[in-house]
Amino acid sequence: MKIKEVLAALERFAPLPLQEDWDNAGLQVGLTEAEVSGALLCLDVNESIVGEAVDRGCNLVVAHHPLLFRGLKTVSDADYVQRTVMAAIRHGVTVVAMHTNMDNARGGVNFKMAEKLRLADVRFFAPKAVGTLEGGSGVIGRLPEPVAAADFMALVKSVFKADSVKGNGLLCRPVNKVALCGGAGDFLLERAVAEGADAFVTGEMHYHVYFGHERQVQIAVLGHYESEQFTVEIFRDIIAQNCPGVRALAAETNTNPVYTY
(Lines give C-alpha, C1' and ligand atoms only; values in the text may rest on other atoms or scores of the structure.)
Protein backbone atom coordinates (compact mmCIF):
# COMPACT_ATOMS: atom_id res chain seq x y z
CA MET A 1 0.00 0.00 0.00
CA LYS A 2 1.25 3.46 -0.85
CA ILE A 3 1.61 6.30 1.63
CA LYS A 4 -0.96 8.32 -0.31
CA GLU A 5 -3.57 5.62 0.38
CA VAL A 6 -2.97 5.86 4.12
CA LEU A 7 -3.20 9.64 3.91
CA ALA A 8 -6.45 9.36 1.96
CA ALA A 9 -7.96 7.11 4.65
CA LEU A 10 -7.04 9.60 7.37
CA GLU A 11 -8.49 12.49 5.38
CA ARG A 12 -11.74 10.62 4.70
CA PHE A 13 -12.20 10.32 8.45
CA ALA A 14 -11.15 13.93 9.14
CA PRO A 15 -11.50 15.94 5.90
CA LEU A 16 -9.03 18.81 5.55
CA PRO A 17 -11.81 21.41 4.97
CA LEU A 18 -12.79 20.92 8.64
CA GLN A 19 -9.50 22.44 9.80
CA GLU A 20 -9.39 26.00 11.11
CA ASP A 21 -8.27 28.78 8.76
CA TRP A 22 -4.96 29.26 10.60
CA ASP A 23 -4.03 25.58 10.54
CA ASN A 24 -1.78 23.57 8.22
CA ALA A 25 -2.92 19.96 8.41
CA GLY A 26 -2.15 17.36 5.77
CA LEU A 27 1.12 16.49 4.06
CA GLN A 28 4.08 18.22 5.71
CA VAL A 29 7.24 16.65 4.31
CA GLY A 30 8.08 13.90 1.85
CA LEU A 31 6.67 11.81 -0.97
CA THR A 32 3.41 9.90 -1.03
CA GLU A 33 3.95 7.51 -3.96
CA ALA A 34 6.32 5.32 -1.93
CA GLU A 35 5.16 2.02 -0.50
CA VAL A 36 4.50 2.42 3.23
CA SER A 37 6.81 0.32 5.39
CA GLY A 38 5.09 1.34 8.62
CA ALA A 39 3.43 4.32 10.26
CA LEU A 40 4.67 5.84 13.51
CA LEU A 41 1.84 7.63 15.36
CA CYS A 42 2.50 10.61 17.62
CA LEU A 43 1.32 14.00 18.85
CA ASP A 44 4.34 16.10 17.87
CA VAL A 45 7.15 15.70 15.35
CA ASN A 46 10.78 16.40 16.17
CA GLU A 47 14.17 14.87 15.38
CA SER A 48 13.71 12.15 17.99
CA ILE A 49 10.42 11.06 16.42
CA VAL A 50 12.02 10.85 12.97
CA GLY A 51 14.86 8.85 14.53
CA GLU A 52 12.40 6.47 16.16
CA ALA A 53 10.56 6.03 12.85
CA VAL A 54 13.82 5.08 11.14
CA ASP A 55 14.81 2.71 13.96
CA ARG A 56 11.44 0.95 13.83
CA GLY A 57 11.32 0.67 10.05
CA CYS A 58 8.60 3.26 9.44
CA ASN A 59 8.75 5.64 6.48
CA LEU A 60 5.58 7.48 7.54
CA VAL A 61 4.96 9.64 10.60
CA VAL A 62 1.35 10.52 11.39
CA ALA A 63 1.21 13.38 13.90
CA HIS A 64 -1.56 15.41 15.47
CA HIS A 65 0.32 18.71 15.58
CA PRO A 66 1.76 20.01 12.30
CA LEU A 67 5.52 20.33 12.06
CA LEU A 68 5.06 23.25 9.66
CA PHE A 69 2.68 26.07 10.47
CA ARG A 70 4.39 28.72 8.36
CA GLY A 71 6.56 28.62 5.26
CA LEU A 72 10.28 28.07 5.65
CA LYS A 73 12.64 30.55 4.00
CA THR A 74 15.64 28.35 4.75
CA VAL A 75 16.21 24.71 5.64
CA SER A 76 19.29 24.53 7.85
CA ASP A 77 20.19 23.54 11.40
CA ALA A 78 18.94 26.82 12.89
CA ASP A 79 16.01 25.35 14.84
CA TYR A 80 14.33 22.04 15.57
CA VAL A 81 11.72 22.46 12.81
CA GLN A 82 14.36 22.87 10.10
CA ARG A 83 16.49 20.08 11.54
CA THR A 84 13.47 17.78 11.61
CA VAL A 85 12.63 18.56 7.99
CA MET A 86 16.23 17.78 7.01
CA ALA A 87 16.21 14.52 8.97
CA ALA A 88 12.92 13.40 7.41
CA ILE A 89 14.13 14.09 3.88
CA ARG A 90 17.53 12.50 4.55
CA HIS A 91 15.92 9.26 5.75
CA GLY A 92 13.00 9.19 3.31
CA VAL A 93 10.37 9.67 6.03
CA THR A 94 7.08 11.28 5.03
CA VAL A 95 5.38 13.40 7.68
CA VAL A 96 1.64 14.14 7.74
CA ALA A 97 -0.49 15.91 10.35
CA MET A 98 -4.15 15.59 11.28
CA HIS A 99 -4.72 18.61 13.52
CA THR A 100 -7.85 20.76 13.85
CA ASN A 101 -9.55 18.66 11.17
CA MET A 102 -9.20 15.75 13.62
CA ASP A 103 -10.28 18.00 16.51
CA ASN A 104 -13.41 18.95 14.59
CA ALA A 105 -14.31 15.54 13.14
CA ARG A 106 -17.00 13.23 14.45
CA GLY A 107 -15.17 10.48 16.29
CA GLY A 108 -12.10 12.69 16.57
CA VAL A 109 -10.04 14.04 19.47
CA ASN A 110 -12.91 15.31 21.59
CA PHE A 111 -14.99 12.18 21.11
CA LYS A 112 -11.98 10.13 22.19
CA MET A 113 -11.70 12.23 25.36
CA ALA A 114 -15.40 11.68 26.00
CA GLU A 115 -14.94 7.94 25.50
CA LYS A 116 -12.15 7.85 28.09
CA LEU A 117 -14.45 9.57 30.61
CA ARG A 118 -17.26 7.15 29.67
CA LEU A 119 -19.63 9.94 28.70
CA ALA A 120 -22.99 9.05 27.16
CA ASP A 121 -25.16 10.96 24.67
CA VAL A 122 -22.10 12.72 23.28
CA ARG A 123 -22.73 15.45 20.71
CA PHE A 124 -21.14 18.58 19.29
CA PHE A 125 -22.03 21.72 21.23
CA ALA A 126 -20.12 24.12 18.95
CA PRO A 127 -21.02 22.79 15.48
CA LYS A 128 -18.94 23.60 12.43
CA ALA A 129 -20.34 22.92 8.97
CA VAL A 130 -18.27 23.20 5.79
CA GLY A 131 -20.47 22.50 2.81
CA THR A 132 -21.93 19.06 3.44
CA LEU A 133 -19.28 18.23 6.04
CA GLU A 134 -20.43 18.19 9.65
CA GLY A 135 -18.06 18.83 12.53
CA GLY A 136 -17.62 20.79 15.72
CA SER A 137 -15.08 22.38 18.03
CA GLY A 138 -16.19 20.70 21.25
CA VAL A 139 -18.45 17.94 22.55
CA ILE A 140 -20.75 17.52 25.50
CA GLY A 141 -22.16 14.44 27.21
CA ARG A 142 -23.17 12.94 30.55
CA LEU A 143 -21.27 10.89 33.11
CA PRO A 144 -22.63 7.42 33.97
CA GLU A 145 -23.78 8.97 37.25
CA PRO A 146 -23.35 12.37 38.95
CA VAL A 147 -20.22 12.77 41.08
CA ALA A 148 -18.98 15.38 43.54
CA ALA A 149 -16.74 18.03 42.00
CA ALA A 150 -13.68 16.85 43.95
CA ASP A 151 -14.24 13.30 42.73
CA PHE A 152 -14.63 14.53 39.18
CA MET A 153 -11.31 16.36 39.32
CA ALA A 154 -9.67 13.19 40.66
CA LEU A 155 -11.27 11.19 37.84
CA VAL A 156 -9.92 13.55 35.18
CA LYS A 157 -6.44 13.39 36.72
CA SER A 158 -6.50 9.60 36.78
CA VAL A 159 -7.98 8.97 33.34
CA PHE A 160 -5.59 11.32 31.57
CA LYS A 161 -2.56 10.39 33.70
CA ALA A 162 -1.98 14.06 34.52
CA ASP A 163 0.54 15.19 37.11
CA SER A 164 -1.95 17.85 38.16
CA VAL A 165 -5.28 19.33 37.13
CA LYS A 166 -5.90 23.06 37.44
CA GLY A 167 -9.33 24.51 38.05
CA ASN A 168 -11.43 27.12 39.75
CA GLY A 169 -12.99 26.60 43.17
CA LEU A 170 -14.85 23.32 43.59
CA LEU A 171 -18.44 23.43 42.42
CA CYS A 172 -21.04 23.06 45.18
CA ARG A 173 -23.25 20.74 43.15
CA PRO A 174 -22.69 17.34 41.56
CA VAL A 175 -21.05 17.11 38.14
CA ASN A 176 -23.10 15.28 35.52
CA LYS A 177 -23.07 17.16 32.21
CA VAL A 178 -19.49 17.55 30.92
CA ALA A 179 -18.20 19.66 28.01
CA LEU A 180 -14.82 18.86 26.46
CA CYS A 181 -12.30 20.48 24.15
CA GLY A 182 -8.83 19.04 23.68
CA GLY A 183 -5.82 21.35 23.47
CA ALA A 184 -6.39 25.07 24.03
CA GLY A 185 -10.15 25.29 24.48
CA ASP A 186 -10.92 28.33 26.61
CA PHE A 187 -12.68 29.98 23.66
CA LEU A 188 -15.50 27.49 24.28
CA LEU A 189 -15.98 28.03 28.00
CA GLU A 190 -18.88 30.47 27.70
CA ARG A 191 -20.54 28.22 25.13
CA ALA A 192 -20.22 25.29 27.55
CA VAL A 193 -21.85 27.34 30.30
CA ALA A 194 -24.69 28.29 27.95
CA GLU A 195 -25.20 24.58 27.22
CA GLY A 196 -25.69 23.94 30.93
CA ALA A 197 -22.45 22.01 31.44
CA ASP A 198 -21.53 21.24 35.04
CA ALA A 199 -17.87 20.89 34.08
CA PHE A 200 -15.59 22.01 31.26
CA VAL A 201 -12.46 19.98 30.52
CA THR A 202 -9.67 21.28 28.30
CA GLY A 203 -5.91 21.16 27.89
CA GLU A 204 -4.94 24.74 28.59
CA MET A 205 -6.64 28.03 29.42
CA HIS A 206 -5.64 31.67 29.89
CA TYR A 207 -5.50 33.02 33.44
CA HIS A 208 -8.22 35.65 33.15
CA VAL A 209 -10.76 33.22 31.70
CA TYR A 210 -10.98 31.44 35.07
CA PHE A 211 -12.63 34.47 36.71
CA GLY A 212 -16.38 34.73 37.24
CA HIS A 213 -17.40 31.08 36.90
CA GLU A 214 -17.23 29.93 40.53
CA ARG A 215 -20.90 28.95 40.77
CA GLN A 216 -21.43 28.19 37.11
CA VAL A 217 -19.11 25.42 36.03
CA GLN A 218 -16.24 23.26 37.28
CA ILE A 219 -13.18 24.04 35.18
CA ALA A 220 -10.64 21.22 34.73
CA VAL A 221 -7.42 22.04 32.86
CA LEU A 222 -5.17 19.01 32.56
CA GLY A 223 -2.41 19.98 30.11
CA HIS A 224 -2.33 20.25 26.34
CA TYR A 225 -0.39 17.04 25.75
CA GLU A 226 -2.39 15.10 28.32
CA SER A 227 -5.72 16.10 26.77
CA GLU A 228 -4.73 14.89 23.30
CA GLN A 229 -2.52 11.90 24.10
CA PHE A 230 -5.11 9.33 23.03
CA THR A 231 -5.31 10.75 19.50
CA VAL A 232 -2.81 8.08 18.43
CA GLU A 233 -5.52 5.49 19.16
CA ILE A 234 -7.73 7.16 16.56
CA PHE A 235 -4.92 7.06 13.99
CA ARG A 236 -4.26 3.40 14.80
CA ASP A 237 -7.91 2.42 14.38
CA ILE A 238 -8.32 4.29 11.08
CA ILE A 239 -5.25 2.58 9.62
CA ALA A 240 -6.25 -0.84 10.96
CA GLN A 241 -9.73 -0.58 9.43
CA ASN A 242 -8.77 0.95 6.08
CA CYS A 243 -5.18 -0.05 5.39
CA PRO A 244 -4.85 -3.81 5.98
CA GLY A 245 -1.30 -5.01 6.45
CA VAL A 246 0.12 -1.59 7.32
CA ARG A 247 2.02 -1.56 10.62
CA ALA A 248 0.83 1.29 12.83
CA LEU A 249 2.97 1.86 15.92
CA ALA A 250 2.42 4.29 18.78
CA ALA A 251 5.57 6.36 19.32
CA GLU A 252 7.52 5.56 22.45
CA THR A 253 9.14 9.01 22.44
CA ASN A 254 7.38 11.39 24.83
CA THR A 255 7.34 14.79 23.14
CA ASN A 256 5.57 16.68 25.92
CA PRO A 257 7.74 19.80 26.44
CA VAL A 258 6.04 20.77 29.72
CA TYR A 259 7.29 19.40 33.04
CA THR A 260 5.74 19.66 36.49
CA TYR A 261 8.26 20.08 39.31
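The values are calculated or read from the model by the stated rules, or taken from the named source; none is laboratory data. This structure is a prediction, so every number in the text was calculated from the model and none was measured. Glycine gets a Cβ as well: all are built from the backbone with ideal geometry, and neighbour counts include every protein chain shown. With ligands, DNA and RNA removed, areas are computed over all heavy atoms of the protein, side chains included. Shrake-Rupley method; radii C 1.70, N 1.55, O 1.52, S 1.80 Å.
Partners of LYS157 within straight-line reach, counting aspartates and glutamates whose Cα lies under 12 Å from its Cα and excluding those fewer than 8 residues away in the same chain: GLU226. Above 30 Å lies some portion of the pair distances; for the chain, what is it as a whole percent of all C-alpha pairs? Counting every Cα pair in the chain, those more than 30 Å apart make up 30 percent. State which entries of LYS128/LYS161; LYS2/LYS116; LYS2/LYS128; LYS112/LYS166; LYS128/LYS177; LYS73/LYS128 exceed 28 angstrom in Cα-Cα distance in the structure shown. Checking Cα-Cα distances, LYS128/LYS161; LYS2/LYS116; LYS2/LYS128; LYS73/LYS128 exceed 28 Å. Taking a ≥ b ≥ c as the square roots of the eigenvalues of the Cα gyration tensor, segment 138-214 is classed as rounded, since a/c falls below 1.5.
Its DSSP H runs of at least 4 residues, each contributing -39,500 (n - 2.57), put the calculated 222 nm mean residue ellipticity of the chain at -8500 deg cm²/dmol, to the nearest 500.
Between segment 50-84 and segment 94-138, the alpha-carbon centres lie 25 Å apart.
Solvent-accessible surface (1.4 Å probe) assigned to SER76 amounts to roughly 40 Å².
Look at the dipole of the chain built from charges on Cβ: of TRP22, ALA63, ALA194, the Cα furthest out on the positive end belongs to ALA194. With loop membership from DSSP and a limit of 16 other Cβ atoms within 10 Å, the longest segment of the chain without trypsin sites (Lys or Arg not before Pro) is 1-55.
Taking the centroid of alpha carbons for each part, segment 204-261 and segment 170-186 are 15 Å apart.
To put it simply, the accessible area of the chain at a 1.4 Å probe is 52 percent carbon and sulfur. Rounded to the nearest 10 square angstrom, ILE49 shows an accessible area of 0 square angstrom against a 1.4 Å probe. Accessible area ranking (1.4 Å probe, heavy atoms, ligands and nucleic acids excluded), largest first, for THR84, THR253: THR253, THR84. For segment 241-248, 3J(HN,Hα) computed residue by residue from phi via the Karplus equation (6.51, -1.76, 1.60; θ = phi - 60°) reads 7, 10, 10, x, x, 7, 5, 10 Hz, glycine and proline entered as x.
Put a dot 7 Å past the Cα of PHE69, heading toward its Cβ, do the same for ALA8, and the two dots end up 3.2 nm apart. Using a probe of 1.4 Å, the accessible surface attributed to TYR80 totals some 110 Å² when neighbouring protein chains are kept in position.
Residues of segment 156-177 falling in the label zone of ALA120, defined by backbone nitrogen less than 15 Å from a point 7 Å along Cα to beta-carbon, are 176-177. On a per residue basis, segment 98-242 carries 44 Å² of accessible surface, using protein heavy atoms and a 1.4 Å probe.
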